[in-house]
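Structure first, then comments.
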Amino acid sequence: MGAGGRMSVPPSPKKPEFNSLKRVPYSKPPFTLSEIKKDIPPHCFQRSVLRSFSYLLYDFILASLFYHVATNYFPNLPQPLSYVAWPLYWAMQGCILTGVWVIAHECGHHAFSDYQWLDDTVGLILHSSLLVPYFSWKYSHRRHHSNTGSLERDEVFVPKKKSGLRWWAKHFNNPPGRFLSITIQLTLGWPLYLAFNVAGRPYDRFACHYDPYGPIFSDRERLQIYISDAGVLAVAYALYRLVLAKGVGWVISVYGVPLLVVNAFLVMITYLQHTHPSLPHYDSSEWDWMRGALSTVDRDYGILNKVFHNITDTHVAHHLFSTMPHYHAMVATKAIKPILGEYYQFDGMPVYKAIWREAKECLYVEPDEGDKDKGVFWFRNKL
C-alpha cells in the first residue's frame, strides 16, 4: 500500500463471531414465527423415540465406562498419577452428565418423544438422579421461555436496573471481585436458585422450587411438585446408603465432584445464553414474545457442543421452537439464519473469555439516554 501504488491486497476475512458486540435490532421483526417455521425442513419437528434413546444410551455407556475405570483402576495407581487421574475423571464425567441433564431438559420441553408420559417419566428419573426437582424446574423453565427478555416476568438471570444494585456491587467491580463472583456463581448458583430463587424473578414472598405452595407454581401444578421432591429425596436417601456402604470420600469422588461440574456448566451455559452486551431487555411497555425469544445468543463450546447435544450453539432456534429435538437443531439453525438476519446473534469468543467479559460489561441494564424507547434496556457497567 505504497504512495501512488495500487491496493491489491485483498481485505482480510471477517470474523463476526469475535466482533459480535453490535446491538441486536430491537424493533419489531419484519417476519412472523410461522414464516420462520416455513424455512425449516419439516423433518426437524419430528421426534423419534428410538433416536432420542440412542443419545441417552450413548451417554450412559460413556458414563458407565468412566465409572468403571475410576472405581476399578484408580485405586491401584501410584499417588502422583492418581492426582491427575481423578481430576480427569471429574471433568469428563461431569461433561457427559451435563449431556444427560440436557436430555432431561428436552423431556421437560416435550422434545424427547411424542408421548408426554414418556417424556415426564424419563425426565423425572434423569433429573432426580442429578438432584434436580424435575417438574418444579420444568414449570419455572417453561415460564422463562414464555417471558424471555422481560424485566418483570422472566424467571432466571433477570438483570437488575442500576437503582436495584446492592451496596456491595461497586466493591466487586474489579478483577478479584469478578473472579470471586464467577466462582460463587458456578459453584453455588444452581442450588441457591433452586432453594432460594437467587438470580430469579422477584416474587412478593419467599420462592423455592421445593415448595409446592410457593408463588412459582399454580394450584394444578402442586401435586407434581410433591413428586419432584420425592424423586430428589429418593436419590438423596440412596446417596446416604452409599455413604454408609462406601464412605463419604468415595461418594464425593465418584458422584459429588462430577455433579459440581454439571452444575457449573449448567449455570455458565444459561448465563452466557442470556447475558451479552448486544442483547436488549424490555419492560412491559415494549416486551413481546418474539423480541424476547430473539434476545438470546448462540455460543461455541468447541467439541463440547456435541457432548452437550448442541444446547450451546442452537439456543436461538430452541427459544423459537422448544419442542424441536436437539438432533435437528443444527439444521434448523442453519435454515433460520437468512430470515433472521441481524436478529440472529452468535458469539464465537472462547467461553472462558466470554464469561469474564460479560461479568465485567453486563452489571445492570438501563435505557439509552434521550432514547424515546424507554422500555428498551441495555447492559451497562459504569458505577
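The values are calculated or read from the model by the stated rules, or taken from the named source; none is laboratory data. Computed from a prediction, not measured in an experiment: that's the story for all the values here. Cβ placement follows ideal geometry from the backbone for every residue including glycine, while neighbour counts extend to all protein chains displayed. Calculation scope for accessible area: heavy atoms of the full protein, side chains included, ligands and nucleic acids excluded. Shrake-Rupley method; radii C 1.70, N 1.55, O 1.52, S 1.80 Å.
A compact table of results
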quantity: Some residue of the stretch 34-45 being surrounded by 10 or more Cβ atoms within 10 Å (Cβ to Cβ), modelled with pLDDT of 95 or more, charged (D, E, K, R) and closer than 30 Å to Gly99 by Cβ; calculated: yes
quantity: The stretch 288-318, residues that are part of a helix (DSSP H, G or I), hydrophobic (A, V, I, L, M, F, W, C) and either open to solvent by less than 20 Å² (accessible area, probe 1.4 Å) or over 23 Å from Ser27 (Cβ atoms) (or both); calculated: Ala293, Leu304, Val307, Val316, Ala317
quantity: The one condition in (1) among the hydrophobic types (A, V, I, L, M, F, W, C); (2) out of contact with any Leu (no Cβ under 9 Å at 6 or more places or on another chain); (3) free of Cβ contacts under 8 Å to residues at least 60 places away in the same chain that Val316 fails to fulfil; calculated: (2)
quantity: Complete set of residues in the stretch 120-154 that are open to solvent by less than 20 Å² (accessible area, probe 1.4 Å) and in contact with a Ser or Thr (Cβ under 7 Å, 6 or more places away or on another chain); calculated: Pro133, Tyr134, Phe135, Ser136, His145, Thr148, Gly149, Asp154
quantity: Selected residue (criterion: farthest from the chain's Cα centre (by Cα)) from residues of the stretch 340-372 that are assigned to a helix (DSSP H, G or I) and among the hydrophobic types (A, V, I, L, M, F, W, C); calculated: Leu340
quantity: Which numbered condition Tyr226 misses (of (1) closer than 25 Å to His276 by Cα; (2) open to solvent by 20 Å² or more (accessible area, probe 1.4 Å)); calculated: (1)
quantity: Scope the stretch 168-211; condition assigned to a loop (DSSP other than H, G, I, E, B) and touching a strand residue (DSSP E or B) at 6+ places or on another chain (Cβ under 8 Å); matching residues; calculated: Ala199, Arg201, Ala207
